[in-house]
Amino acid sequence: MASQSWWTTLVNWLKGLLWKQDMDVCLVGRHGAGKTSLVNTLVHGPYSFSEDMIPTVGFNMKAFTKGKFRVRLWDVGGQARFRSMWERYCRGVSVIVFVVDAADLYAIHAATLELHSLLVCKSLQGIPLLVLGNKNDLPGALSQQELTSVMELSSLSKREVYCYSISCKNHSNIDVVIQFFLNHPKFIIQ
């Protein structure tokens with residue numbers, strides 16, 4: 001069994017040298033957390049505020065490429081009527097990204113309940129979770145450690161859980177998010 005794992009690792013490494021690697025990421029979170037801003041920042045570069053930016057209705061998919069890596073970002077609407085779709089879009093992805101407004105304590109508590117109810121779905125077992133506390137440029141925004149505590153992320157077992165504090169507006173830690181995707185072992189070889 002160990003030799004099969006070694007052989008699979010070697011074959012995947014060789015494929016990675018020759019073929020483009022794709023990763024599917026599902027972004028979920030309550031409305032107003034900054035999911036669409038994050039997608040636009042990752043795909044188009046530094047944040048540019050637009051007063052006519054509308055919330056995602058249903059879902060939106062965009063991708064960005066770095067070298068041989070292409071990351072497809074599935075941005076699913078955060079309004080109450082779309083939350084029932086989260087589980088469906090999260091099935092089979094490489095990473096679930098949960099975006100929360102780190103400056104809105106009320107929204108964080110509501111988002112925590114949504115996140116924990118989503119992660120009990122059997123179809124999502126074992127899929128790594130990346131929690132992003134957006135809007136760290138605002139007064140009162142929770143830090144990474146505070147967010148980890150308030151959202152009870154340490155209670156999530158049997159999955160990899162990561163948490164970063166970011167700001168789409170100031171481009172703070174966006175490079176860390178990109179490196180997370182590029183260095184994560186869950187890339188799917190085509």
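The values are calculated or read from the model by the stated rules, or taken from the named source; none is laboratory data. As the structure is a computational prediction, the values presented were derived from the model and not from experiment. Note that we place each Cβ from the backbone using ideal geometry, even for glycine, and neighbour counts take in every protein chain shown.
Under 6 Å by Cβ, and 6 or more places apart or on different chains, what pairs join a residue from the stretch 112-123 that is within 15 Å of C26 (Cα to Cα) with one that is at pLDDT 95 or above and surrounded by 10 or more Cβ atoms within 10 Å (Cβ to Cβ)?
Once the first residue is within 15 Å of C26 (Cα to Cα) and sits in the stretch 112-123, its partners that are at pLDDT 95 or above and surrounded by 10 or more Cβ atoms within 10 Å (Cβ to Cβ) give L115/F98.
Cβ contacts < 8 Å: first residue under 7 Å from A102 (Cβ atoms), restricted to the stretch 130-147; second residue assigned to a helix (DSSP H, G or I) and small (G, A, S), any location; separation 6+ or different chain. Result?
Final answer for the pair search is N134/S37.
Pick out the one residue from L142, L130 that is within 20 Å of D24 (Cα to Cα), touching a helix residue (DSSP H, G or I) at 6+ places or on another chain (Cβ under 9 Å) and not in a helix (DSSP H, G or I).
Checking each option against the conditions leaves just L130.
Here are the criteria: (1) surrounded by 22 or more Cβ atoms within 10 Å (Cβ to Cβ); (2) over 17 Å from the mean Cα position of the chain (by Cα). Tell me which single one V120 does not satisfy.
That leaves (1) as the condition not met.
Could you please give the count of residues in the stretch 79-120 that are farther than 25 Å from D22 by Cα and hydroxyl-bearing (S, T, Y)?
4
Checking Y89 against (1) under 24 Å from V120 (Cβ atoms); (2) of a type in the set (S, T, Y); (3) modelled with pLDDT under 80, which test does it fail?
Here Y89 clears every test but (3).
Take the stretch 145-159 and flag every residue that is in a helix (DSSP H, G or I) and surrounded by 14 or more Cβ atoms within 10 Å (Cβ to Cβ).
Selection gives E146, L147, T148, V150, L153.
Determine the pairs where a residue that is under 12 Å from G32 (Cβ atoms) and touching a residue at least 12 places away in the same chain (Cβ under 8 Å), located within the stretch 96-110, has a partner that is basic (K, R) and assigned to a helix (DSSP H, G or I) with Cβ atoms under 8 Å apart, the partner being 6 or more residues away or on another chain.
V99/K35
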